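One structure below.
The values are calculated or read from the model by the stated rules, or taken from the named source; none is laboratory data. Just so it is clear, the structure is predicted and the values come from calculations on it, not from any experiment. Cβ sites come from the backbone with ideal geometry, for glycine too, and all protein chains shown count toward neighbours. Keep in mind that these areas ignore ligands, DNA and RNA; they rest on the heavy atoms of the full protein, side chains included. Shrake-Rupley method; radii C 1.70, N 1.55, O 1.52, S 1.80 Å.
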Amino acid sequence: MTEDSLRAELVERCRELDARGLNRGASGNLSARWGEVMLITPSAVAYGDLRPEMIARMPLKGDGAWEGPLKPSSEWRFHRDILRARPEVGAVVHTHATYSTILAIARRPIPAIHYMIAAFGAAEIPCCDYARYGTAELSEAILRVLGRLNGCLMANHGMLTVGPDLTRATWLAFELEALAQQYWHVLQIGGGHVLPEAEIAEVARDFASYGVQARKAD
């Protein structure tokens, strides 16, 4: 994959999230690792207007310096900090998906109401503490709960997922929102049965290659 093709995939994934209702307008943001550089969506650009050349370029070792025609998303800090802390992560997806955000407003973690939670690396999807968008405090709050997991809720804000590439991180975003929707509806009927942690651990052993995978290079 070239940098140009990765930029094009960022645009494609943004539009996919928009089309399926996980983001709207210019909400949310995506990033991808390109060597020692982070490619990240720009601030305040509707996904329908986004073009590959608009994607900002930021050194992972830097402290906010960027290249490009438009400034990067105001959330660049937690994207950079996750990619710094997790060498195996190649992409970060942040959305304001409706059901995930409802639970994040309630500050309610998602328990193991479905075996698909195993794709996130634990028997619960946690919710980080609230901090204002774009701040170092928010980045620190996310890193505290994310650990080695593949996703979390962000209090009064939304959710994020991580993966080895954009394909996997985007798939996980759809799965997290599906779990959030299922859990919200279960709560409306008084709750449901939560699977035991041992069951999720057993499922997790089979999940490394489960779900959508990155497309092989031509």
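At a probe radius of 1.4 angstrom, the accessible area of the range 5-105 per residue rounds to 40 square angstrom. Dipole check for the range 76-115: with +1 at the C-beta of Lys and Arg, -1 at the C-beta of Asp and Glu, and the Cα centre as origin, the magnitude is about 140 Debye.
Amide H contacts under 5 Å for ILE125: ILE110, restricted to partners 5 or more places along the chain or on a different chain, H placed in the peptide plane at 1.01 Å from N. Taking VAL92, VAL162, VAL45 in turn, the Gaussian network model of the chain (Cα-Cα springs below 10 Å) assigns the largest fluctuation to VAL45.
Extents of the range 106-213, taken as max minus min of Cα coordinates on every principal axis and listed largest first, are 37, 36, 22 Å.
State the percent of C-alpha pairs, over all pairs in the chain, separated by a distance greater than 22 angstrom. Before the final figure, lay out each step's value.
Values: 11096 of 23653 pairs.
Percent of Cα pairs beyond 22 Å in the chain: 47.
Each of GLU202 and SER5 was given a label point 7 Å from its Cα along the Cα-to-Cβ line. The distance between the two points is 4.1 nm. Report summary: the helix-based calculation at 222 nm, which adds -39500 (n - 2.57) for every DSSP H run with n ≥ 4 and divides by the residues of the chain, gives -11500 deg cm²/dmol.
When the chain is treated as a Gaussian network with alpha carbon springs shorter than 10 Å, the biggest mean-square fluctuation among LEU30, LEU187, LEU179 belongs to LEU187.
Hey, can you list the DSSP H helices of the chain whose Cα span along the axis is 20 Å or longer and whose average Kyte-Doolittle score is at least -0.5? Helices meeting the criterion: 166-188. Given springs between every Cα pair under 10 Å in a Gaussian network model of the chain, which of ALA118, ALA26, ALA106 has the largest fluctuation? Checking each option, the largest mean-square fluctuation is seen for ALA106. Surface composition of the range 56-117: carbon and sulfur make up 55 percent of the accessible area, probe 1.4 Å.
Highest mean packing comes first when the peptides 123-134, 163-174 are listed by Cβ atoms within 10 Å, giving 163-174, 123-134.
Between ARG144 and GLU12, what FRET efficiency comes out of the Förster formula 1/(1 + (r/R0)^6) with R0 = 45 Å and r the beta carbon distance, rounded to 0.05? Walk me through the intermediate numbers first.
Working: r = 32 Å, r/R0 = 0.71.
With a Förster radius of 45 Å, E is 0.90.
Enter the Cα centre distance for the pair the range 152-184 and the range 1-65, rounded to the nearest angstrom. So the two Cα centres are separated by 17 Å.
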